[in-house]
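Data first, discussion second: the structure below is written as structure tokens.
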Amino acid sequence: MAKNNNFYKNAIIVSGIPRTATTIVGKIISELASYSTIYEPFNSNQGLTSVNLNYLLPGSNISIKDFDLIFENLLDLKGDFKQGLNDNDTFLKKIFKKIIGNESSISFKKAKYFKKKGILIKDPFLLFAAEYLSKNYNIIICERPLLPLAGSFKRMSWIFHENNRLLNELSYLDSKFLENDFEIEKIITKNISQSVIGAVKFFSIYSIFKKYLKQKNNIYFFKQDKLSTDPSQSITSLLSWLKIDFSEQDIFITKNKISSSFSKNSKPKQGIQHDKNYNKKYANKYYESLLSKDEIRFIKVSEEIIRSGGEI
């Protein structure tokens, strides 16, 4: 799969469940190591035209040959991107996407015309391809505790549409995928939002899949909660694993840039995906203002179910 050029040799993939700091981690690495970042090329809505399914699993929902071709072309900076138009886009945003592009296509163009040391692919949709990709590339998998993860899903009104499909595609690996989902279904009540249910089910699938990821030497598990409480150590450990040179000044500047530590805002604004104006030390606390008591109870019981068969 890997080829003999610098982009293939130096490629880094940052993935994980959405809302686990994949964007921040991508920025940290790309800035300090001078990497070109391609943003979510495997997002079936706005990514490559050759990708029509979220969360590709080589050898299951896509052939290894087809996946390799898509991935190698991407690293060769070949490929066309979708417009990524959404129903809730404003008229001006739709015009912008049609003429200039969306976040994915624009990042691809920057990587193509302003080449740096290597390519970093920031893409949660590569999560279930991580085991396969780790044979040739360094993979960063971002993680976050379930309560704040569910709170973040609810804040964004996100729903995990791919649950049933992934259960079927992954069940050959472990019967726990289906067993956990069945047990979680039994404790769902009408008071639990679909966003919270989606976060819990996604977390359940990932926790079981992680058993297979942990067998790989090229995968680093990045703890989002550690980044919020001890950003200096968190960033230092990540860069050391990647063998990226850095100074104490680099860490200091990066920490202050991502933490918004001078802000008094203890939670991000509703519906804004990446709110830069709130203090990130509260990143795993603001869920308390978003989740109901019933939802918190549901999450905690679900965690016990997940713990029985996964790598929580």
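The residues of segment 291-311 that are modelled with pLDDT under 95 and within 23 Å of the chain's Cα centre (by Cα), listed by number, are R307, G309, G310, E311. For segment 97-125, which positions are modelled with pLDDT under 95 and of a type in the set (F, W, Y)? Those that are modelled with pLDDT under 95 and of a type in the set (F, W, Y): Y113, F114. Restricting attention to segment 51-75 and to residues that are assigned to a loop (DSSP other than H, G, I, E, B) and over 29 Å from G271 (Cβ atoms), the residue that is nearest to the chain's Cα centre (by Cα) turns out to be L57. Among the residues of segment 46-71 satisfying the criterion of being under 21 Å from V14 (Cβ atoms) and in contact with a Lys or Arg (Cβ under 7 Å, 6 or more places away or on another chain), which is surrounded by the fewest Cβ atoms within 10 Å (Cβ to Cβ)? This residue is Q46. Among the residues of segment 91-139, what is the count of those that are within 25 Å of I219 (Cβ to Cβ), outside any helix (DSSP H, G or I) and in contact with a Ser or Thr (Cβ under 7 Å, 6 or more places away or on another chain)? Within segment 91-139, residues that are within 25 Å of I219 (Cβ to Cβ), outside any helix (DSSP H, G or I) and in contact with a Ser or Thr (Cβ under 7 Å, 6 or more places away or on another chain) number 7.
Could you tell me whether any residue of segment 289-312 is exposed (fewer than 12 other Cβ atoms within 10 Å of the Cβ) and either among the acidic types (D, E) or touching a His at 6+ places or on another chain (Cβ under 7 Å) (or both)? Checked against the condition, which is being exposed (fewer than 12 other Cβ atoms within 10 Å of the Cβ) and either among the acidic types (D, E) or touching a His at 6+ places or on another chain (Cβ under 7 Å) (or both), segment 289-312 yields at least one hit.
Which is more than 26 Å from I17 (Cβ to Cβ) and either touching a residue at least 60 places away in the same chain (Cβ under 8 Å) or in contact with a His (Cβ under 8 Å, 6 or more places away or on another chain) (or both), of K109, K135, K94, K115?
K115
Applying the criterion of at least 2 residues that are closer than 26 Å to G59 by Cβ and free of Cβ contacts under 8 Å to residues at least 60 places away in the same chain to the helices (runs of 4 or more DSSP H) found wholly in segment 158-262 leaves 163-170, 176-186, 194-213.
Residues that are within 27 Å of L166 (Cα to Cα) and surrounded by 19 or more Cβ atoms within 10 Å (Cβ to Cβ): does segment 231-238 have at least one? Within segment 231-238 (the criterion being within 27 Å of L166 (Cα to Cα) and surrounded by 19 or more Cβ atoms within 10 Å (Cβ to Cβ)), the answer is no, since none of the residues qualifies. Once segment 273-307 is narrowed to residues that are in contact (Cβ under 8 Å) with a residue 24 or more places away in the chain and in a loop (DSSP other than H, G, I, E, B), the residue that is nearest to M156 (Cα to Cα) is Q273.
Take the conditions at negative phi, among the hydrophobic types (A, V, I, L, M, F, W, C) and free of Cβ contacts under 8 Å to residues at least 12 places away in the same chain and apply them to I24. Does it pass? Judged against the criteria, I24 is not a match.
So that you can scan it fast, the table gives a plain yes or no per residue for (1) of a type in the set (S, T, N, Q); (2) closer than 30 Å to N136 by Cα:
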site	(1), (2)
T236	yes, yes
F246	no, yes
S260	yes, no
K269	no, no
Y278	no, no
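Within segment 30-50, being assigned to a loop (DSSP other than H, G, I, E, B) and closer than 19 Å to K117 by Cα holds for one residue alone: S34. Restricting attention to segment 187-213, and to residues there that are among the charged types (D, E, K, R) and more than 17 Å from the chain's Cα centre (by Cα), which single residue is surrounded by the fewest Cβ atoms within 10 Å (Cβ to Cβ)? Applying the filter and picking the extreme gives K190. Among the numbered conditions (1) surrounded by 15 or more Cβ atoms within 10 Å (Cβ to Cβ); (2) at pLDDT below 95, the only one that K264 does not meet is (1).
The values are calculated or read from the model by the stated rules, or taken from the named source; none is laboratory data. These numbers come from a predicted model, not from an experiment. Reconstructed Cβ throughout: ideal geometry from the backbone, glycine too, with neighbour counts over all protein chains shown.
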